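In what follows, a structure is listed as structure tokens, so that the remarks can point back to it.
The values are calculated or read from the model by the stated rules, or taken from the named source; none is laboratory data. In this text the structure is predicted, and so the values were computed from the model without any measurement. Glycine also receives a Cβ, built like all others from the backbone with ideal geometry; neighbour counts cover every protein chain displayed. Keep in mind that these areas ignore ligands, DNA and RNA; they rest on the heavy atoms of the full protein, side chains included. Shrake-Rupley method; radii C 1.70, N 1.55, O 1.52, S 1.80 Å.
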Amino acid sequence: MSRSALGLVVGLAAVLAAFGTRQTHDGAKSIAIVGVTVVNPERDAAHAAMPDSTVVISGDRIIAVGPRASTKIPDGAARIDGHGRWLIPGMIDGHVHFFQSGNLYTRPDGADFNAVVPYAQEVARNKARLPATFKVWLASGVTSVIDVGGPFWNFDVRDAAAKSDAAPRVQVAGPLISMVDRKALELDDPPIIKIESPQAARDLVARELARKPDFIKVWFIHLPGTDLAAQEAIVKAAADAAHAAHVRLAVHATELDTAKAALRAGADYLVHSVFEEPVDDEFIALMRRNHAILCPTLFVPNGYRLMYSNRWQATPDEQRLADPQVLAMMHDLDKIPPDKIPPRVAKAMADRQPIKPPTVAEQNLRKLWDAGIPIDMGTDAGNVGTLHGPSVFREMALMRDAGLTPLEVLRTTTTNGALAMGRTDLGAIAPGKLADLVLLDADPLADVGNFSHAERVIKGGVVYDPKALIDSIR
Ligand SMILES: [Zn+2]
């Protein structure tokens, strides 16, 4: 072991001992990360990296950032050796769902495996497993997530995260205001509620506003033969009711005509890209008019395809950082008796259709980025084949494939993630910001693959060891 590596270990042992709990929040002690390369995602490529810097944290905030030679370290500060390491803001996933796990049983409306694992049992497991799910997010370097829709108990998830010793910051939406029903998901507290009139939309928004949602969410599924104008009126009623309460509207709309209708109705946040056709000037103009943010969510459709054809394979990041309990279920199709495999899945397993990259959505991402539309990173984690935590690395690799540089991808998941959350105290490394940080042992500006190299994750001034977080949930 090199001297600097040994120094890091010794320094961190002290830091973790002193700061392993929420006790740091009393602000009595400080932490200095010394000699690190600070990466500022909001800056241009020539000015993003600041080598040999020192970052000082007091309580849950960053209080100083500057050259190592001239940045004063408070007496008694715990020191973390930053030499040969990079510091990025804590990452933000702008699109997750805590009521889902990513396994086969989590969306019986997609393929019904109730004969293998009853859906009620799966949802109860997800609820009970929340402390572990929170930890996989932190272990992956993700210090904030937006849950854009689920049952009313989503609001309890936000409360649980806020009280937890090891959890990301969580924003939530409640049940989806939907154009279609999903009977298979209707337990006592449905995540998706079919709404058939503007008044019904206003009524559901009012029920959700009572729980102080961060977003109201619309699931805009336009089936052939249904009335798009009538649906747009429902979205507008939801948008107007949300906006009257200063809450923003998030919309799932993956076709160009529904996405435009959503924007005309007042959408602030599109949680998917348009997947099947190129976006046009009218779409871009509507995005600009609304100051809307777009989360491309590129991987999730292929997650379903890989799982239902039994070809899903964990990446090395997922093997290391995903919830081991969920990972152990990802190949259950190997052992489920054929008579219990739903027809859709049996067909997918037999056909083994080629898995194609989301080319059109990637082209749309590049076009929107070049047009200056704010893009944030999100996975739709919890959907079948998209795991909480390390699926961010699959998503960011696809954003790279779309033509974004590592710095641009980093900006989507920090600067623009904070924008999506409406938070000015997150997403940057500067005095006054919350101390949500990731210490990497590889250069994030060289390769998006290096984003998964977290040695330490810091949230609100509390230092976490990713490996210890995962070991604690085995
Ligand atoms: Zn979603």
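Keeping to the stretch 114-133, report how many residues are touching a Ser or Thr at 6+ places or on another chain (Cβ under 9 Å) and touching a residue at least 24 places away in the same chain (Cβ under 8 Å).
Final tally of qualifying residues: 9.
Can you pull out the residues in the stretch 375-393 that are within 19 Å of residue 286 (Cβ to Cβ) and either within 13 Å of the ligand (Cβ to nearest atom) or in contact with a Lys or Arg (Cβ under 8 Å, 6 or more places away or on another chain) (or both)?
Residues satisfying the conditions do not exist here.
Listed here are the residues, each with its yes/no results for (1) away from the ligand (no atom under 16 Å from the Cβ); (2) small (Gly, Ala, Ser); (3) part of a loop (DSSP other than H, G, I, E, B); (4) under 27 Å from residue 450 (Cβ atoms).
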site	(1), (2), (3), (4)
302	no, no, no, yes
305	yes, no, no, no
363	yes, no, no, yes
367	yes, no, no, yes
373	yes, no, yes, yes
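Residues in the stretch 212-258 that are within 16 Å of the ligand (Cβ to nearest atom) and among the small types (Gly, Ala, Ser): how many?
Total meeting the criteria: 2.
Can you find, within the stretch 380-408, the residue that is surrounded by the most Cβ atoms within 10 Å (Cβ to Cβ) among those that are over 18 Å from the mean Cα position of the chain (by Cα) and either assigned to a loop (DSSP other than H, G, I, E, B) or of a type in the set (Val, Ile, Thr) (or both)?
Checking each candidate, the answer is 402.
Answer yes or no: is there a residue in the stretch 409-420 that is within 16 Å of the ligand (Cβ to nearest atom), more than 23 Å from residue 359 (Cβ to Cβ) and open to solvent by 10 Å² or more (accessible area, probe 1.4 Å).
no
Would you confirm, using the coordinates I've provided, whether residue 45 is more than 16 Å from the ligand (Cβ to nearest atom), modelled with pLDDT of 95 or more, open to solvent by 30 Å² or more (accessible area, probe 1.4 Å) and assigned to a loop (DSSP other than H, G, I, E, B)?
So residue 45 fits the description; yes.
Scan the stretch 150-205 for residues that are at pLDDT below 95 and among the polar types (S, T, N, Q) and jot them down.
Within the stretch 150-205, just 178 meets the criteria.
Would you please name the residue that is least open to solvent (accessible area, probe 1.4 Å), looking only at residues in the stretch 344-361 that are within 30 Å of residue 409 (Cα to Cα) and part of a helix (DSSP H, G or I)?
361
Considering only residues that are acidic (Asp, Glu) and without any contact (Cβ under 8 Å) to a residue 12 or more places away in the chain, which ones fall in the stretch 419-438?
Correct list: 425 only.
What number of residues within the stretch 51-100 are within 16 Å of the ligand (Cβ to nearest atom), among the small types (Gly, Ala, Ser) and open to solvent by 10 Å² or more (accessible area, probe 1.4 Å)?
Count: 0.
Between 322, 328, 314, which is of a type in the set (A, V, I, L, M, F, W, C), under 19 Å from residue 140 (Cβ atoms), more than 16 Å from the ligand (Cβ to nearest atom) and in contact with a Pro (Cβ under 7 Å, 6 or more places away or on another chain)?
Exactly one residue qualifies, and that residue is 322.
Let's see how each residue does on (1) in a helix (DSSP H, G or I); (2) more than 24 Å from residue 100 (Cα to Cα); (3) open to solvent by 50 Å² or more (accessible area, probe 1.4 Å):
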{"site": "217", "(1), (2), (3)": "no, no, no"}
{"site": "223", "(1), (2), (3)": "no, yes, yes"}
{"site": "226", "(1), (2), (3)": "no, yes, yes"}
{"site": "230", "(1), (2), (3)": "yes, yes, no"}
{"site": "237", "(1), (2), (3)": "yes, yes, no"}
{"site": "242", "(1), (2), (3)": "yes, yes, no"}
{"site": "249", "(1), (2), (3)": "no, no, no"}
{"site": "257", "(1), (2), (3)": "yes, yes, yes"}
{"site": "272", "(1), (2), (3)": "no, no, no"}
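Looking only at residues that are among the aliphatic types (A, V, I, L, M) and open to solvent by 10 Å² or more (accessible area, probe 1.4 Å) in the stretch 449-474, which one is nearest to residue 132 (Cα to Cα)?
Ranking the qualifying residues of the stretch 449-474, first place goes to 473.
Those residues that are small (Gly, Ala, Ser) and either within 16 Å of the ligand (Cβ to nearest atom) or under 12 Å from the mean Cα position of the chain (by Cα) (or both), I need them from the stretch 114-156; list them, please.
Correct list: 140, 141, 144, 149, 150.
Among the residues of the stretch 276-296, count how many are more than 13 Å from residue 256 (Cα to Cα) and β-branched (Val, Ile, Thr).
Final tally of qualifying residues: 1.
Out of 181, 165, 147, which single residue is open to solvent by 20 Å² or more (accessible area, probe 1.4 Å) and in contact with a helix residue (DSSP H, G or I) (Cβ under 8 Å, 6 or more places away or on another chain)?
From the options 181, 165, 147, the qualifying one is 165.
Going through 93, 81, 112, 75 one at a time, which residue ends up being at pLDDT below 95 and of a type outside the set (Gly, Ala, Ser)?
Residue meeting the stated conditions: 75.
Sort through 261, 285 and tell me the only one that's more than 16 Å from the ligand (Cβ to nearest atom), among the aliphatic types (A, V, I, L, M) and over 17 Å from residue 235 (Cα atoms).
Answer to the selection: 285.
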